[in-house]
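Student: Mind having a look at this structure? Questions to follow.
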Amino acid sequence: MNKHIKEFRNLSKEEIENKILSINKELLYLKIQKATRQTFKPHLFRDYRCQLAQLLTIKNELIR
């Protein structure tokens, strides 16, 4: 999982914001698929949440 954080640190502020939005959309789509009993990959929930936390951490570090 640490491979993502190294990539995320090289992104600009705008790219981080866009990545946060896209991950939130992906999480929403996964939740919809789960609720409608479609096939989905449950391991992606954990992966996306972890990436989102890393991005939000980096975003907060940039603000300081």
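Student: Please indicate, with yes or no, whether at least one residue in the stretch 24-37 is within 16 Å of GLU14 (Cα to Cα), charged (D, E, K, R), surrounded by 12 or more Cβ atoms within 10 Å (Cβ to Cβ) and within 17 Å of the chain's Cα centre (by Cα).
Tutor: Step one: filter the stretch 24-37 for residues within 16 Å of GLU14 (Cα to Cα), giving 24.
Checking the rest, the ones that are also charged (D, E, K, R) come to none.
No: the stretch 24-37 contains no residue that is within 16 Å of GLU14 (Cα to Cα), charged (D, E, K, R), surrounded by 12 or more Cβ atoms within 10 Å (Cβ to Cβ) and within 17 Å of the chain's Cα centre (by Cα).
Student: Of (1) modelled with pLDDT under 95; (2) in contact with a helix residue (DSSP H, G or I) (Cβ under 7 Å, 6 or more places away or on another chain); (3) in a helix (DSSP H, G or I), LYS3 satisfies all except one. Which?
Tutor: (2)
Student: Looking at this structure, is LEU62 out of contact with any Gly (no Cβ under 9 Å at 6 or more places or on another chain), closer than 22 Å to ILE5 by Cβ, surrounded by 14 or more Cβ atoms within 10 Å (Cβ to Cβ) and in contact (Cβ under 8 Å) with a residue 24 or more places away in the chain? Lay out the reasoning, then the answer.
Tutor: Values: out of contact with any Gly (no Cβ under 9 Å at 6 or more places or on another chain): yes; closer than 22 Å to ILE5 by Cβ: yes; surrounded by 14 or more Cβ atoms within 10 Å (Cβ to Cβ): no; in contact (Cβ under 8 Å) with a residue 24 or more places away in the chain: yes.
No, not satisfied.
Student: Name, by its number, the condition in (1) open to solvent by 80 Å² or more (accessible area, probe 1.4 Å); (2) polar (S, T, N, Q); (3) modelled with pLDDT under 95 that does not hold for SER12.
Tutor: (1)
The values are calculated or read from the model by the stated rules, or taken from the named source; none is laboratory data. This one's a predicted model, so the numbers in the text were calculated from it and none came from an experiment. Ideal geometry is used to build each Cβ from the backbone, glycine not excepted, and the neighbour counts take in all protein chains shown. In case anyone asks, the SASA skips ligands and DNA or RNA and just uses the protein heavy atoms, side chains included. Shrake-Rupley method; radii C 1.70, N 1.55, O 1.52, S 1.80 Å.
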